[in-house]
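Read the figures in this text as sums done on the coordinates, not as results from a lab. Because the structure is predicted, anything quoted here is derived from the model rather than measured. When we count neighbours, we look across all protein chains shown, and the Cβ atoms used for this are built from the backbone with ideal geometry, even at glycine.
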Amino acid sequence: MRQVENFLSLAKTQRRFAHQYRRWALEDEAAGKADRSRKYRAESQRLWEAAKFYLARARMFQH
């Protein structure tokens, strides 16, 4: 059961980071910093994918 909690915690953390990177991307886009905005968007997407992966792992170990 501890493994499930760890995966859920990691997924939650990844989601929080993804939201933060998304906010930074939007701020940089508004400021005209397209290169940095693209990097932040890519990192946000990577973090979302990681969060989904860890959530799926938690579900797998839950049953």
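Among residues of segment 1-25 being aliphatic (A, V, I, L, M) and surrounded by 14 or more Cβ atoms within 10 Å (Cβ to Cβ), the one that is nearest to Ala51 (Cα to Cα) is Ala11.
Take segment 46-63 and flag every residue that is touching a Lys or Arg at 6+ places or on another chain (Cβ under 8 Å) and of a type outside the set (Gly, Ala, Ser).
Answer for segment 46-63, where residues must be touching a Lys or Arg at 6+ places or on another chain (Cβ under 8 Å) and of a type outside the set (Gly, Ala, Ser): Leu47, Trp48.
Might you check whether a residue that is touching a helix residue (DSSP H, G or I) at 6+ places or on another chain (Cβ under 6 Å) and not charged (D, E, K, R) occurs anywhere in segment 28-36? Checked against the condition, which is being touching a helix residue (DSSP H, G or I) at 6+ places or on another chain (Cβ under 6 Å) and not charged (D, E, K, R), segment 28-36 yields no hits at all.
Mind counting the residues in segment 27-44 that are surrounded by fewer than 14 Cβ atoms within 10 Å (Cβ to Cβ) and either among the aliphatic types (A, V, I, L, M) or under 17 Å from the mean Cα position of the chain (by Cα) (or both)? Let's see the steps before the verdict.
Filtering segment 27-44 down to residues surrounded by fewer than 14 Cβ atoms within 10 Å (Cβ to Cβ) leaves 27, 30-32, 34-35, 38, 42.
Filter once more, keeping what is either among the aliphatic types (A, V, I, L, M) or under 17 Å from the mean Cα position of the chain (by Cα) (or both): 30-31, 34, 38, 42.
Here the count works out to 5.
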